1. Give the residue from Ile61, Ala71, Trp34 lying farthest towards the positive end of the charge dipole for the range 9-76; charges sit on Cβ (+1 for Lys and Arg, -1 for Asp and Glu) and the dipole is referred to the Cα centre.
2. Put +1 on the Cβ of every Lys and Arg and -1 on every Asp and Glu Cβ in the range 6-97; which of His97, Gln49, Pro13 then has its Cα farthest towards the positive end of the dipole?
3. Tell me what the chain gives for mean residue ellipticity at 222 nm when only DSSP H runs of n ≥ 4 count, each as -39,500 (n - 2.57), the sum divided by the residue total, rounded to 500 deg cm²/dmol.
4. Between Ser77 and Glu175, what FRET efficiency follows from the Cβ-Cβ distance if R0 is 45 Å, with the result rounded to 0.05?
5. Rounded to the nearest whole Å², what accessible area per residue is found for the chain with the 1.4 Å probe?
6. I'd like the carbon and sulfur percentage of the solvent accessible area for the chain, probe radius 1.4 Å, heavy atoms only, ligands and nucleic acids excluded.
7. How many angstrom separate the Cα center of the range 109-171 from the Cα center of the range 24-100?
8. Using the crude model of +1 on Lys and Arg Cβ and -1 on Asp and Glu Cβ, and no other charge, please compute the dipole size for the chain relative to its Cα centre, in debye to 20.
Amino acid sequence: MNTYTSERLIYRPYEKKDLEALIKLCNEKTYRRWFYFLPRLNEKRAKAQIEKNRDLWQNTIDMTKAQYAFAIEEKCSGDLIGSVEVSKYHGKKRLKHFEVGYYIGEAYQKKGYATEAVNHVIKWVEPYLKEKQEELRVFGKVEHKNMASLRVLEKAGFKLVRKTILCRIYERWIE
């Protein structure tokens, strides 16, 4: 099983047991505020998302062809608290560079979990990028008013490279 850990968190593929927690997390007010373009998550969509995630992790990992998300579990409680990924995809759109994405449930925010998760997933992806001779940098995109997410990227060592009408774009080079 593809399970990894950091100081306070466990990163793993989604499991059937995550169904209720995933639906709850993806329908919270703060999640909906920043992911307004996604339809509300219902049981049918959540089951499909969990199944797709599980199937991806059972095969050879090729991050240039699919979006691999880690479920984030809090070690001390065993609760599903969010998700983190590094991917060359934003939805179905293939990107030129790898991009990090994350969210943390409302009850677990302001504890440094998002920064810990972003740092971990960057360490996880580094050998893959080197092996595939990909450019050793990862981007993060954040809407201008999402101050908490801006701070996460900055604390994780990302630097602002450009502003667009919709968002700020950060990058982190991997050593």
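The values are calculated or read from the model by the stated rules, or taken from the named source; none is laboratory data. This one's a predicted model, so the numbers in the text were calculated from it and none came from an experiment. Cβ placement follows ideal geometry from the backbone for every residue including glycine, while neighbour counts extend to all protein chains displayed. Side chains included, ligands, DNA and RNA excluded: accessible areas come from the protein's heavy atoms. Shrake-Rupley method; radii C 1.70, N 1.55, O 1.52, S 1.80 Å.
1. Trp34
2. Going by the Cα projections, it comes out as His97.
3. Value at 222 nm, helices only: -10000 deg cm²/dmol.
4. Values: r = 33 Å, r/R0 = 0.74.
Given R0 = 45 Å and the Cβ-Cβ separation, E is 0.85.
5. Details: 10210 Å² over 175 residues.
That works out to 58 Å² per residue.
6. Details: 5260 of 10210 Å².
After summing per-atom areas, the C and S share lands at 52 percent.
7. That distance is 16 Å.
8. Numbers: 36 positive and 24 negative charges, 155 e Å.
Dipole size: approximately 740 debye.
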